[in-house]
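**Student:** Please see the structure below; I have some questions.
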2 protein chains.
Amino acid sequence: MNITDYMQAVGQQARAAAAVLASAETAAKNQALHAMADALLAKASWLQAENAKDLSAGRAKGLDSAMLDRLTLSDKTLAGMAEGLRQIASLADPIGSITDLNYRPTGIQVGRMRVPLGVIGIIYESRPNVTADAAGLCLKSGNATILRGGSEAIHSNRAIAACVQDGLTAANLPANCVQVIETTDRAAVGELLRAKDYVDVIIPRGGKSLIERVSQESLIPVIKHLDGICHVYIDDEADLAKAVTVALNAKTHRYGVCNAMETLLVAETVAAQILPVLAAKFSEKGVELRGCPKTRDYLPAANAATEADWSTEYLAPILSIRVVTGMQQAIEHINQYGSHHTDAIMTENYTKARHFLRVVDSSSVIVNASTRFADGFEFGLGAEIGISTDKLHARGPVGLEGLTSQKYIVLGDGQIRL
Amino acid sequence: MNITDYMQAVGQQARAAAAVLASAETAAKNQALHAMADALLAKASWLQAENAKDLSAGRAKGLDSAMLDRLTLSDKTLAGMAEGLRQIASLADPIGSITDLNYRPTGIQVGRMRVPLGVIGIIYESRPNVTADAAGLCLKSGNATILRGGSEAIHSNRAIAACVQDGLTAANLPANCVQVIETTDRAAVGELLRAKDYVDVIIPRGGKSLIERVSQESLIPVIKHLDGICHVYIDDEADLAKAVTVALNAKTHRYGVCNAMETLLVAETVAAQILPVLAAKFSEKGVELRGCPKTRDYLPAANAATEADWSTEYLAPILSIRVVTGMQQAIEHINQYGSHHTDAIMTENYTKARHFLRVVDSSSVIVNASTRFADGFEFGLGAEIGISTDKLHARGPVGLEGLTSQKYIVLGDGQIRL
C-alpha cells in the first residue's frame, strides 16, 4: 500500500462526505446514531472475536494488565458504547442554530448560524471505545471523521468502524462520514497531520507523549489537552469544614484523571488548624504527602517537596502541599506552575472570590467546589470529546458546540452599500 | 543585534505585559486609548518628519505611487488613526463578560467568562496606520501585541509605537503591552512565527504572498484572510430590479476590496432578460465582462471566460459571468470555485433562501443584499481587525470578540463529585 495515495483517498472521501453531512437533517443523524448502537449490540460476538485477536497479540507483546484491560471490549464496554451513542442522539442538534439576528441601521438583518468544522482527524491510543464515542460526537455536530487508533487495537477499531458505517448506511448517510485508517503504518499519522486540504482540525486523545508529538508535527490546527496540574487554594477566610471535604474529594475521588488536584495551597494563618485534619484523612486514603518546609513544620511526617513537584501531574495518590502567605501568592503559584486546566479557591470572602475568578488564567476557575466538576457532563454539555487547555477556539470541556464554527448570515430586501 | 535573543526578550516582555493587561480595568484601557490618540495629534509634525524618511527611502527604492500613497501619514491619516482609537475606547469591553451562568442539578452554577487570548503577533505590510488600529483593538480586548510592519515603513511605525507607548504609560499600563519589532531583518519574522511560548496567535494583514508565507511557516495558530472570490447568484425567482442594483453595487462600489463580487451567476430562464440590462450598466462603469459560452449567446461583446477565471480574485473592474441551470448548480459552483468568503443569492422564494443560507459554506452568506456588507462595521462589531476565511476560532469579520476566548467559571458552596 502506498501510504500517501491511501491517505489522500481517505481525505478526499472525508471531504466529500462532510459536504453531504453538513446539511444532513437532524433526524437522519439521530437515526444513524441509534442504528450504530443497534449494530454494536447485534454484532457483539463478532466484535469480541475481533477484539480477542488484539488481546492475544497484546499479551504476546507483553502489554501490562492495565493496558489489556483498557483494550478489552467486555459486554459492559459494548453496552456503554451503545448507550453513549443513544445519549448523543438525544442531545439538541447544534447545527443551523441561529443567534443574535438583529436589524442594522441599513435595514439588513445580521446573525450567526452554527456550522460544522468540516473534517476532524482523531488520533488516539488503546481504548477502542473512543472509536464509537468520537464518531458519534463528530457525526451529531455534522463533521466527517478520520480515526487513527492505536495499532494494538486495530482489529477492534476496524470492527467498530464497520458497525458505525452500517448505522450511517441505514440512515442513508455516506459511509465515509466515519473512516478508520486501515493501516498501522506510523507514516499514516504523519500524512494525516499534513493533510491541510482535507482535514480542518486534529484532536489527539491519549498520553502526553502522543499529544506533544501531534502538536509538534501537525500543519493543521490541534485542539488538545496537555497537563492537568490542578490546585485547590484554601483561603484564610474559607469555611474549613467545606474546605476539608472539597480538598479530599478533589484529590481522592479518582486519582488518574486530569481534573484531580495535584497541589494543595493553604493560607498560612489556617495551616496549623487545617493541615493536621487533612493529613489524617489523606493518610486514611493512602495518599503520600509532599510538603514545602512550612508544611512540614505542621506535618513532620510529610516528605519534602522538590521544585519539580510543583509542576508534576502525579495522576496517582500523591499530593504536594504548599503554605502560602495568602491569595495573592496562591494565584502567582497557580499561574506559574499550573497547566491552566482547573483551579479552585475555598473562601467565604466575596471580594476574594470575585478577584480569583477574574485573574486565574485557567480553562475552569472554581469557587467553593471540587476541581472534579470540570467535565463536559457536569458542566451540562451532555457529552465531551476532551478538555482543551488551549485558548484558541475551544477552551475547557469540549462538547458538540466545540466541534462547530459560526458563519454570518445576512437577510435583506435589496440593500446596497452607500 | 542577535535576532534570536532580541525576539526572545520581546516575547518575554509581551508575556509579562499580557499578564497585567488581562485584568486591567476598562477605565485604564480607555484612558490609554484616548492618550494614544492625543499623542498622535500632539506629535503630528514629528511623526510626519519620521514618515518623510520612509517616503524618501521609498522613492529612492522606486516604490510606485500607490505604495507611496499608502505609506504617507497625511494630516487626514493621523486624524483618522486618532478617531479610530477613540471609537475603540467607546466600544463595550468584552473582557470579563459572563454568559450562560446556570445552576446544574448538583447545585453548582456553571458559566463562561470572556478572557483575552494573551499575546497577538501582527505581521503587516506598508500601511503604517495599521500600527495604531491593531494596537488599539488588541489593547481593548486585553491582549499584548507584537507588531511587525513592512521595512519600508520602519521609521513611521517606530514613531507611532512611541505615541502608543506614551498613551499606555499615561494610563499606568505597561509600555510593553504594544511592541514594534525594531529591526527590519527578515529573520525576525521567522523567530516570531516560531515563538510558541510567547505568542498565542498570529494575524497577518497584507497581500496573498505574505499570508501564504505566514501560514506555511507559522508554528502558532494563524487567523487569516486569504482570497475573496465572492459571488452573487441571480435566481429565476429574483426581483430583477433589486438584482440589478445589488449586482452593480457588489461589483462597482469598490474594486480592490475582498468583499467585491468577482463572479456573477445567473439562472438560465432570466438570463436573456437581465444580462443585457446589466451589461449596459457595467459597460457605463468600464467593467470588463468575461462570460461562459451561454453568457456570450446573450452578450456577444463579452470576452470568453477561461476555467481560471472562476477562481480568480480580480480586485479590478473585471467580472466573470456564468449562466447556470438554477440554484443547485449555483451552489455547486460557489462551493467549488469560491473562497468561502461572502456569497449572496437574489431570490424572492422563501424555500430557496432558506436552503441557500444553510448549505453555502462561506463566512458570510447573504440573501438579497450586496456582498459589500460583509464588514465588521456594517455587521455591528464596531471595529474589525480583518475578515477570517478560516473556520476555527473566528470566521468572517473579526472584531473585539474574535480576539478573546472564554473560560468556564464555577460557583459553589462546598459541592463535591459523588
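The values are calculated or read from the model by the stated rules, or taken from the named source; none is laboratory data. All values reported here derive from a predicted model rather than from experimental measurement. Positions of Cβ are backbone-derived with ideal geometry, glycine not excepted, and every protein chain shown enters the neighbour counts. Each accessible area value is taken on the protein alone, full model and side chains, heavy atoms only, with ligands, DNA and RNA left out. Shrake-Rupley method; radii C 1.70, N 1.55, O 1.52, S 1.80 Å.
**Student:** With each pseudo-label sitting 7 Å past Cα toward Cβ, what's the A:Asn303-B:Arg86 distance in nm, one decimal?
**Tutor:** 6.4 nm
**Student:** If you put a point 7 Å past Cα along the Cβ direction, how far is that point for B:Arg186 from the same point in each other copy, in nm, smallest first?
**Tutor:** Distances to the matching label points in the other copies: 3.5 nm.
**Student:** Taking a 1.4 Å probe, which of A:Thr245, B:Thr351, A:Thr77 shows the most accessible area, and what order do the others take after it?
**Tutor:** B:Thr351, A:Thr245, A:Thr77
**Student:** Could I ask something else about it? Answer rounded, prolate or oblate for the range B:230-373, using the Cα gyration tensor with square roots of eigenvalues a ≥ b ≥ c: rounded when a/c is under 1.5, else prolate when a/b is larger than b/c, else oblate.
**Tutor:** rounded
**Student:** Could you work out the percent of alpha carbon pairs in chain A separated by over 26 Å, rounded to a whole number?
**Tutor:** Cα-Cα pairs in chain A separated by more than 26 Å: 60 percent.
**Student:** Within the range A:144-227, which GluC sites (Glu not before Pro) sit in a loop by DSSP and count at most 12 neighbouring Cβ atoms inside 10 Å?
**Tutor:** none
**Student:** For the interface of B with A, what's the total buried accessible surface in square angstrom, probe 1.4 angstrom, rounded to the nearest hundred? Write out the running numbers ahead of the final one.
**Tutor:** Working: alone 18660 and 18680 Å², together 31690 Å².
Using a 1.4 Å probe on protein heavy atoms, the buried area is about 5700 Å².
**Student:** Now a separate question. When the convex hull of the Cα atoms of the protein assembly as shown is projected onto a plane and the area is averaged over all directions, what value comes out in nm²?
**Tutor:** 37.3 nm²
**Student:** Quick one: which residues, 5+ away or cross-chain, put their amide H under 5 Å from the amide H of A:Ile366? H built at 1.01 Å from N.
**Tutor:** Counting only residues 5 or more places away or on other chains, the set is A:Asp343, A:Ala344, A:Ile345, B:Val410.
**Student:** Work out from phi, with θ = phi - 60° and the Karplus expression 6.51 cos²θ - 1.76 cosθ + 1.60, the ³J(HN,Hα) of each residue of the range B:240-257, listed in order in whole Hz, and give x for Gly and Pro.
**Tutor:** Using θ = phi - 60°, the values come out as 5, 5, 4, 4, 5, 4, 5, 4, 5, 5, 4, 8, 9, 4, 8, 8, x, 10 Hz.
**Student:** Straight distance only, please: which lysines reach the Cα of B:Lys53 with their own Cα at less than 27 Å, same-chain residues fewer than 8 apart left out?
**Tutor:** B:Lys43, B:Lys61, B:Lys76
**Student:** Let me ask you something else. Taking the label point 7 Å from Cα in the Cβ direction, how far apart in nm is B:Glu217 from each other copy of itself, listed shortest first?
**Tutor:** List, nearest first: 2.5 nm.
**Student:** If the range B:11-77 were replaced by its equivalent ellipsoid, with semi-axes equal to the square roots of 5 times the Cα gyration tensor eigenvalues, what would those be, largest first, whole Å? Before the final figure, lay out each step's value.
**Tutor:** Working: eigenvalues 216, 56, 20 Å².
Values for the range B:11-77, descending: 33, 17, 10 Å.
**Student:** To continue, here is another question. How far is it, in nm, from the label point at A:Glu212 to the one at B:Glu401 when both lie 7 Å from their Cα along the line to the Cβ?
**Tutor:** 3.8 nm
**Student:** Could you give the nm distance between label points at B:Leu315 and A:Tyr103, where each point is 7 Å from its Cα heading toward the beta carbon?
**Tutor:** The modelled label-to-label distance comes out at 3.8 nm.
**Student:** Give, as a single signed number, the net charge of other residues whose beta carbon lies under 11 Å from the beta carbon of A:Lys294, with Lys and Arg counted +1 and Asp and Glu -1.
**Tutor:** Working: positive: A:Arg296, A:Arg322; negative: A:Glu268, A:Asp297.
So the environment of A:Lys294 carries a net charge of 0.
**Student:** Which one of A:Thr351, A:Phe379, A:His393 is farthest out on the positive end of the charge dipole of the range A:334-409, using unit charges on Cβ (Lys, Arg +1; Asp, Glu -1) and the Cα centre as origin?
**Tutor:** Going by the Cα projections, it comes out as A:Thr351.
**Student:** Taking the axis that carries chain A onto chain B, what is the nearest Cβ in chain A, and at how many Å, to the whole number?
**Tutor:** A:His393, 2
**Student:** Here's another thing I want to ask about it. I need the shape label for the range A:210-309. Rule: rounded when a/c is under 1.5, else prolate if a/b > b/c, else oblate, with a, b, c from the alpha carbon gyration tensor. Mind dumping the intermediate values first?
**Tutor:** Values: a/c = 2.41, a/b = 2.12, b/c = 1.14.
The shape class here is prolate.
**Student:** I've got another one for you. Across peptide B:386-399, how many C-beta atoms of other chains are within 10 Å of each residue C-beta, on average? The partial results should precede the final answer.
**Tutor:** On the way: counts 0, 1, 1, 0, 4, 12, 12, 7, 4, 6, 7, 2, 0, 0.
Counting Cβ atoms of other protein chains within 10 Å of each residue's Cβ and averaging gives 4.
**Student:** What FRET efficiency comes out for the pair B:Arg194/A:Asp64, r = Cβ-Cβ distance, R0 = 30 Å, nearest 0.05?
**Tutor:** 0.20
**Student:** Relative contact order (percent) for chain B, with alpha-carbon contacts under 8 angstrom and 6 or more residues of separation?
**Tutor:** 18 percent
**Student:** Treating the point 7 Å from Cα along Cα-beta-carbon as the label, what are the nm separations from A:Val277 to the other copies, to one decimal?
**Tutor:** So the label point of A:Val277 gives 8.1 nm to the other copies.
**Student:** Can you list the lysines whose alpha carbon sits under 27 Å from that of B:Lys281, skipping same-chain ones fewer than 8 residues off?
**Tutor:** B:Lys242, B:Lys251, B:Lys294
**Student:** Could you run the Karplus curve 6.51 cos²θ - 1.76 cosθ + 1.60 with θ = phi - 60° over the range B:87-94 and give me ³J(HN,Hα) per residue in whole Hz, x for Gly and Pro?
**Tutor:** Along the range B:87-94, the couplings run 5, 5, 4, 7, 6, 4, 7, x Hz.
**Student:** Would you mind checking the tilt of helix B:44-61 against the longest principal axis of the Cα atoms of chain B, expressed as 0 to 90 degrees and rounded to 10?
**Tutor:** 60 degrees
**Student:** Students sometimes get this wrong: rank A:His225, B:His34, B:His231 by accessible area, probe 1.4 Å, all chains present, largest first. Working shown, then result.
**Tutor:** Numbers: A:His225 40, B:His34 75, B:His231 0 Å².
So the residues, ranked largest to smallest area, are B:His34, A:His225, B:His231.
**Student:** Which value, in debye to the nearest 20, describes the size of the charge dipole of the range A:230-373 about its Cα centre when Lys and Arg Cβ atoms bear +1, Asp and Glu Cβ atoms bear -1, and nothing else is charged? All intermediate terms of the calculation are to be shown ahead of the outcome.
**Tutor:** On the way: 13 positive and 16 negative charges, 63 e Å.
That gives a dipole near 300 debye.
**Student:** Tell me the Kirkwood radius of the range B:28-151: reciprocal of the mean inverse pair distance over distinct alpha-carbon atoms, in Å. Mind showing how you got there, number by number?
**Tutor:** Details: mean 1/r = 0.0596 Å⁻¹.
16.8 Å is the Kirkwood radius here.
**Student:** Still on this model: Does anyone have the angle between helix A:129-140 and the longest principal axis of chain A? Alpha-carbon axes, 0 to 90°, nearest 10?
**Tutor:** 70 degrees
**Student:** To continue, here is another question. Would you please calculate the Kirkwood hydrodynamic radius of the range A:271-353 over all C-alpha pairs and express it in Å, rounded to one decimal?
**Tutor:** Numbers: mean 1/r = 0.0724 Å⁻¹.
Mean inverse Cα-Cα distance, inverted, gives 13.8 Å.
**Student:** Lys and Arg at +1, Asp and Glu at -1: add these up for the other residues within a Cβ distance under 13 Å of B:Ala134 and post the number.
**Tutor:** Surrounding charge for B:Ala134 is +1.
**Student:** On to the next question. Would you mind telling me the antiparallel percentage of the DSSP bridges in the protein assembly as shown, rounded to 5?
**Tutor:** If I count the DSSP bridges inside the protein assembly as shown, around 25 percent turn out antiparallel.
**Student:** Now a separate question. Which residue fluctuates most in the GNM of chain A (Cα springs below 10 Å): A:Thr342, A:Thr131, A:Thr183?
**Tutor:** Greatest mean-square fluctuation among the candidates belongs to A:Thr183.
**Student:** Moving on to the next point. Which percent, nearest 5, of DSSP beta bridges in chain A are antiparallel? Could the numbers behind the result be given before it?
**Tutor:** Details: 15 of 53 bridges.
Close to 30 percent.
**Student:** While we're on this one: Just tell me which lysines come within less than 16 Å, Cα to Cα, of A:Lys224; anything on the same chain fewer than 8 places away is out.
**Tutor:** Here the lysines satisfying the reach criterion relative to A:Lys224 are A:Lys208, A:Lys391, B:Lys196, B:Lys407.
**Student:** While we're here: Quick one: order A:Arg354, A:Arg417 from most to least accessible surface, probe 1.4 Å.
**Tutor:** Details: A:Arg354 160, A:Arg417 40 Å².
The ordering from most to least exposed comes out as A:Arg354, A:Arg417.
**Student:** Another question, then. Grab the DSSP H runs of the protein assembly as shown that are 4 residues or longer, score each as -39,500 (n - 2.57), total them, divide by all residues and round the 222 nm result to the nearest 500 deg cm²/dmol.
**Tutor:** -14000 deg cm²/dmol
**Student:** Using only Cα atoms, locate the centre of the range B:85-130 and the centre of the range B:281-305, then give the distance between them in Å, rounded to an integer.
**Tutor:** Distance between centres, Cα-based: 47 Å.
**Student:** Measure nothing fancy, just the Cα-based angle from helix B:154-170's long axis to the longest principal axis of chain B, in degrees from 0 to 90, nearest 10.
**Tutor:** Helix B:154-170 sits roughly 60 degrees off the main axis of chain B.
**Student:** Ok, one more. Compute, for A:Lys281, the solvent-accessible surface of its heavy atoms (probe 1.4 Å) with the complete set of protein chains present, and express it in square angstrom to the nearest 10.
**Tutor:** Approximately 80 Å² of A:Lys281 is accessible to the 1.4 Å probe.
**Student:** In whole Å, how far is the Cα centre of the range A:359-390 from that of the range A:232-257?
**Tutor:** 16 Å
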